[in-house]
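Novice: Take this structure first; my questions come after.
Where a number appears in this text, it was derived from the coordinates with a stated rule and is not lab data. Everything numeric here is computed off the predicted structure, so don't read it as measured data. Because the Cβ atoms are built from the backbone with ideal geometry, glycine has one as well, and the counts that use them run over all protein chains shown.
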């Protein structure tokens, strides 16, 4: 990767080649009990057996997840809150209350971010812009979701005992934090080299229990645009990773890309399909929530890059842009997907 002193690398319609090195210095992941019993259970930094996290409400528990993720990331990197210029934080709750209540005591300037389940990609994009633009030496991105708080926010409180269709996904209880830095250290995990910002894509679907189908067109659009803007082929990536399309959304994504002449089957991975074991865990279509992509990125993807097993990945968190209001008014469920290119660091 070559960098110029006064370069502005806008590529194509939606992509940017990051003009200066932006390093992922460190990360931490905290998950709930169900996630801890899944295939990646041993990879997470902390697995909480109490999904209330010792709190009195689901919302407070999610705030606690964020607080723990930030504290652990600082501890792992031997950094203090004063060394972090900005926080880019997001969750799924009204007015991002998990972030505001969870992070206020760190006393770090904060940008609240909302991209539904694509929030991890959005926050990493904005954090990268701040670092490579010279506005910050170090920033932290933190993302969370919680199964019970999300059900209460978007569908029905758990006490209703409503039946879930097979197309529904299970919102991940978890939080992950990432530090992006302009300075290289010996323990950095990966390098952010480019990104492709997604557009809102709406195919007119209204089923909030089938968000994989609602998000798949946006994922297809962003992946296609990334490959076209950088004149790459799927084989130029070790993995092309979506956030939480699940079993149903995966099929739609692959079909849409096949219509464009692209076959990503060999490289494709979906975080929502990896975090739970469909044979032993009741997860229906797979995992979802903005914590899903975040904790898989932290616990698994970055470790593959740091170890040299992978050299370059396209990380594409996906989001369904619905709310209680839009759903109750009969609106559609638009989708969006933000792509980040992460590469192995040559040491």
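Novice: Just need log10 I(q)/I(0) for segment 190-343 at q = 0.18, 0.19, 0.20 Å⁻¹, Debye formula, equal scatterers on the alpha-carbon atoms, no solvent, rounded to two decimals.
Specialist: Scattering profile of segment 190-343, log10 relative to I(0): -1.05, -1.16, -1.27.
Novice: Using just the helices of the chain, give the 222 nm mean residue ellipticity in deg cm²/dmol: DSSP H runs with n ≥ 4 each add -39,500 (n - 2.57), and the total is spread over all residues, rounded to 500.
Specialist: Rounded to the nearest 500, it is -9000 deg cm²/dmol.
Novice: Quick one: check the C-alpha center-to-center distance for segment 217-296 versus segment 70-143, whole angstrom.
Specialist: The distance from the Cα centre of segment 217-296 to that of segment 70-143 comes to 25 Å.
Novice: Which order do the peptides 179-187, 217-225, 270-278 take when ranked by the mean count of other beta-carbon atoms within 10 Å per residue, highest first?
Specialist: 217-225, 270-278, 179-187
Novice: Looking at segment 13-181, send over the antiparallel percent of its DSSP beta bridges, to the nearest 5.
Specialist: Beta bridges within segment 13-181, antiparallel portion: roughly 60 percent.
Novice: Would you work out the Kirkwood radius for the chain? I mean one over the mean of 1/r across all pairs of different Cα atoms, in Å.
Specialist: It is 19.7 Å.
Novice: Under 17 Å from the 7 Å Cα→Cβ point of residue 76, by amide nitrogen: which residues of segment 274-307?
Specialist: Under cut-off, by backbone N: 291-307.
Novice: At a 10 angstrom cut-off on C-beta neighbours, averaged per residue, how do the peptides 287-299, 231-243 rank from highest to lowest?
Specialist: Listed from highest to lowest mean packing, they are 287-299, 231-243.
Novice: Could you tell me the convex hull volume per residue, in Å³, taken over the Cα atoms of segment 1-121?
Specialist: 166 Å³
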